[in-house]
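The values are calculated or read from the model by the stated rules, or taken from the named source; none is laboratory data. This one's a predicted model, so the numbers in the text were calculated from it and none came from an experiment. Because the Cβ atoms are built from the backbone with ideal geometry, glycine has one as well, and the counts that use them run over all protein chains shown.
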Amino acid sequence: MTEQKKQKSAVRKRADEIKRDRCKNLIAVIEDPSDIRNIGTVIRNVNALGVEKVYVIDPRSALPDDWQEMRGTKALNQTSVSAIKWSFVKRFDNTEDCIAHLEKNRFVSVVTSPHVKGRNNGVLDEVDFTEWYKLAV
């Protein structure tokens with residue numbers, strides 16, 4: 001077996017080992033990223049934190065619709081350090097479609113932004129996020 005195949009099989013083995021510990025009820029949502037490399041970086045980081053799914057609101061259509069096709073995108077593969085290969089990524093054309101999908105699947109959405117009047121606002125490190133079973137951030 002070549003050295004490269006050994007490395008790939010070691011990475012795949014590690015991915016399989018940690019799969020059971022990944023959180024299926026937490027979704028990271030990226031809204032309108034300006035650069036495809038930023039998407040890869042987010043995928044890498046949320047994957048390291050155990051988040052299994054990333055939703056991307058992509059009004060400029062920088063990403064392909066098909067997740068399998070995304071996995072072969074060089075820019076995503078490089079910046080995600082191959083995490084795109086075992087992270088589920090779903091693309092949406094707009095925020096409304098993403099929110100509708102999340103609500104249909106009974107996810108509670110938490111948004112980080114400046115204070116907005118008329119919304120339930122909380123300081124990020126003071127909110128008890130465990131009260132929700134399915135959470136999209």
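Among the residues of region 1-38 satisfying the criterion of being touching a strand residue (DSSP E or B) at 6+ places or on another chain (Cβ under 6 Å) and buried (at least 16 other Cβ atoms within 10 Å of the Cβ), which is modelled with the lowest pLDDT?
Among them, the one singled out is R22.
Taking the stated definitions as given, is E52 at pLDDT below 85 and surrounded by 12 or more Cβ atoms within 10 Å (Cβ to Cβ)?
When the stated conditions are applied, E52 passes them.
Of the residues in region 65-74, how many are surrounded by fewer than 15 Cβ atoms within 10 Å (Cβ to Cβ) and in a helix (DSSP H, G or I)?
4
Among A100, A62, which is the only one that is within 20 Å of W132 (Cβ to Cβ), among the small types (G, A, S) and either buried (at least 17 other Cβ atoms within 10 Å of the Cβ) or at pLDDT 85 or above (or both)?
Exactly one residue qualifies, and that residue is A100.
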